[in-house]
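For reference, the structure discussed in these notes is given below.
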Amino acid sequence: MCRAEKSRAVADYEASGRDAEEGEMGLKFQPAPDKPRGLPKAQRSRMKVWMVRATTTVLLWTCMVQLTAMGEMWWPRVLNGWPPCFNPPPDSPVLAVAAEVEAVAMSPTPKIVLPPKRIYKNNGYLMVSCNGGLNQMRAAICDMVAIARYLNVTLIVPELDKTSFWADPSEFKDIFDVDHFITSLRDEVRILKELPPRLTRRAEMGMVYSMPPISWSNISYYMNQILPLIQKYKIVHLNKTDARLANNGLPTEIQRLRCRVNFSALRFTSVIEELGRRVIRMLRQNGPFLVIHLRYEMDMLAFSGCTHGCTDEEAEELTRMRYAYPWWKEKVIDSELKRKDGQCPLTPEETALILRALDVDPNARIYIAAGEIYGGERRMASLSSSYPNLERKETLLEHSELMLFQNHSSQMAALDYLVSLESDIFVPTYDGNMAKVVEGHRRYLGFRKTFLLDRKPLVELIDQYDNGSLNWDEFSSSVKAAHANRMGNPVPRLVIPDRPKEEDYFYANPNECLPPSDQLWSTT
């Protein structure tokens with residue numbers, strides 16, 4: 001086949017030589033009388049050799065392509081007959097990796113189905129600046145999404161607090177998956193990462209109406225007071241967002257939207273999620289584990305004024321810190337009176353005593369979800385001796401893995417949040433924002449066991465045990481009896497009209513989003 005094609009090519013070449021004298025459009029040019037007709041013989045010979053070589057090269061390439069195509073059929077059979085160095089054994093890791101790669105390549109990629117965009121007339125733009133720690137801001141973001149939805153406005157991705165005690169420079173995208181946040185809620189509200197260009201300059205010039213909304217407000221407040229401002233100024237900036245929406249008295253649709261944002265749309269970044277899964281796997285290697293949210297950091301003690309168990313020098317240091325922050329309004333605090341009223345976090349020593357009274361196994365693996373404990377090893381000695389299998393993220397992860405989170409307290413708190421959520425038992429020693437939000441999330445996931453410590457009677461029982469009024473058995477029985485119905489089981493949310501600060505927090509017990517109403521409610 002190749003030889004025949006070569007002969008035809010040579011014949012074509014010779015024929016082309018005969019036509020070489022023809023010019024364009026088939027016209028023949030007459031040679032000049034004083035010049036020989038055609039090219040010299042030596043020059044024609046060299047051109048002929050060149051054309052033969054070029055034609056041969058093209059033919060060889062054509063043959064190689066055909067042989068390669070045929071080789072796909074017999075090449076594997078040839079390899080199978082070669083020595084083992086060319087034919088890996090069945091249990092070779094090379095084959096295992098290749099099989100895994102092939103399986104991934106062949107598996108269908110799941111198609112992400114986005115909810116349809118909600119079509120509505122945009123009344124303007126809402127910018128918000130959150131204040132507080134991670135979980136205080138988390139709840140506020142849920143509130144602001146619900147408010148934006150019912151005002152028919154466009155929400156700009158919230159700005160996180162960078163001026164609080166922790167001075168965390170993290171942006172929203174550093175903690176949460178911002179793209180998931182936007183797309184997963186597109187059927188409810190339009191969310192943008194930043195203002196449109198035509199409005200950005202306006203905002204830079206300060207042409208934005210900024211204000212703190214009133215705390216614990218109903219949705220009617222936002223409809224009647226905030227919406228007219230947005231329609232007038234086009235952009236309204238709410239510069240405080242914590243506890244700005246009421247716990248109760250809201251339409252069920254608003255409550256469920258708050259839950260949807262909290263439990264679905266606010267997903268942590270892939271880096272935080274992966275580290276969280278690693279910590280959980282490490283803790284589960286030896287069975288169930290317990291998480292203690294030990295809220296005994298310096299800022300908490302300074303803010304609350306709780307100095308029980310501290311030295312005089314430590315108490316003075318905490319007092320100086322409280323006065324250094326002007327937005328901490330309460331300055332003069334009676335620590336012991338506040339403790340007896342149940343308004344102080346339990347100390348590490350008190351926590352160890354309560355866990356023993358609740359018959360927590362001394363060999364249990366316990367994860368401490370907290371920042372740096374004030375007083376260090378001295379204050380942790382009692383808890384460490386009672387429960388030697390204490391773990392922290394710093395003991396489970398490499399230093400290099402946590403370097404990304406250094407000086408980013410909200411990202412550290414996000415890691416603790418994930419571990420607390422998946423623990424077999426969760427024990428908060430203070431009812432702060434993280435304790436409340438994790439409690440509510442665990443209820444949503446099926447009423448996972450949470451020891452909701454009642455600090456006022458506990459402090460009284462501890463003092464009686466310490467002064468000898470109660471023996472160990474009496475103390476342990478009393479602690480168990482006080483918490484028989486405080487395990488995170490279903491309870492109705494406490495409503496106190498006209499006293500919103502004293503009623504149950506929505507995010508700690510989101511009844512509207514929990515199992516159906518045929519659930520048997522128990523009483524506390």
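The values are calculated or read from the model by the stated rules, or taken from the named source; none is laboratory data. All figures in this text were calculated on a predicted structure; none of them were measured in a lab. Virtual Cβ from ideal backbone geometry, glycine too; neighbours counted across all protein chains shown. Remember, those area values only see protein heavy atoms, side chains included, never the ligands or the DNA or RNA. Shrake-Rupley method; radii C 1.70, N 1.55, O 1.52, S 1.80 Å.
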Over segment 415-479, give the accessible area per residue in Å² for a 1.4 Å probe, as an integer. 38
For segment 287-399, with +1 on Lys and Arg beta carbons and -1 on Asp and Glu, the positive-most of 385, 332, 307 along the dipole: 332
Spelling out what I want: for every residue of segment 324-338, take phi, set θ = phi - 60°, compute 6.51 cos²θ - 1.76 cosθ + 1.60 (Karplus), and round to whole Hz; glycine and proline get x. 6, 10, x, 7, 7, 5, 7, 10, 8, 10, 8, 4, 5, 5, 5
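For segment 350-485, what is the charge dipole size about the Cα centre, in debye to the nearest 20, if Lys and Arg each add +1 at the Cβ and Asp and Glu each add -1 at the Cβ? The partial results should precede the final answer.
Details: 14 positive and 20 negative charges, 68 e Å.
Once rounded to the nearest 20, the dipole reads 320 debye.
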Share of carbon and sulfur in the accessible heavy-atom surface of segment 307-394 [1.4 Å probe, %]: 50
Of 465, 409, 453, which is farthest towards the positive pole of segment 368-524's charge dipole, taken about the Cα centre with +1 and -1 on the beta-carbons of Lys, Arg and Asp, Glu respectively? 453
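Per residue, how many Å² of accessible area does segment 177-297 show with a 1.4 Å probe? Please report the intermediate quantities before stating the final value.
Numbers: 5850 Å² over 121 residues.
Accessible area per residue: 48 Å².
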With every protein chain left in place, what is the accessible area of residue 304 in Å² (1.4 Å probe, nearest 10)? 0
So how do 335, 215 rank on accessible area, 1.4 Å probe, biggest first, that is with the largest at the start? 215, 335
Return the sequence-ordered ³J(HN,Hα) values of segment 241-252 in whole Hz as given by the Karplus equation 6.51 cos²θ - 1.76 cosθ + 1.60 applied to θ = phi - 60°, using x for Gly and Pro. 10, 6, 6, 9, 10, 5, 6, 10, x, 9, x, 4
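Relative to the Cα centre, what is the charge dipole magnitude of segment 243-331, using +1 at the beta carbon of each Lys and Arg, -1 at the beta carbon of each Asp and Glu, and rounding to the nearest 20 debye?
For segment 243-331, the charge dipole is close to 760 debye.
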Which cross-chain or sequence-distant (5 or more) residues have an amide H under 5 Å from the amide H of residue 289, H modelled 1.01 Å from N in plane? 424, 425
Dipole of segment 132-272 [Lys/Arg +1, Asp/Glu -1 at C-beta], most positive-end residue of 152, 137, 251: 152
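In what sequence, largest accessible area first, do 235, 496 appear using a 1.4 Å probe?
Values: 235 0, 496 30 Å².
Descending order: 496, 235.
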May I ask you to evaluate 6.51 cos²θ - 1.76 cosθ + 1.60, the Karplus curve with θ = phi - 60°, for each residue of segment 276-292 and list the ³J(HN,Hα) values in order in whole Hz, giving x for glycine and proline? x, 5, 5, 4, 5, 4, 5, 5, 7, 4, 10, x, x, 9, 10, 10, 10
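Taking all protein chains as present, what is the carbon and sulfur share of the accessible area of segment 122-173, in % to the nearest whole number, probe 1.4 Å? Walk me through the intermediate numbers first.
Values: 710 of 1380 Å².
Exposed carbon and sulfur together represent 52 percent of the surface.
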Percent relative contact order for segment 191-248, counting Cα pairs under 8 Å at least six residues apart, stands at 45
Given H placed 1.01 Å from N in the peptide plane, which residues other than close sequence neighbours of residue 470 have an amide H under 5 Å from its amide H? 465
For residue 180, solvent-accessible area (1.4 Å; no DNA, RNA or ligand), Å²: 40
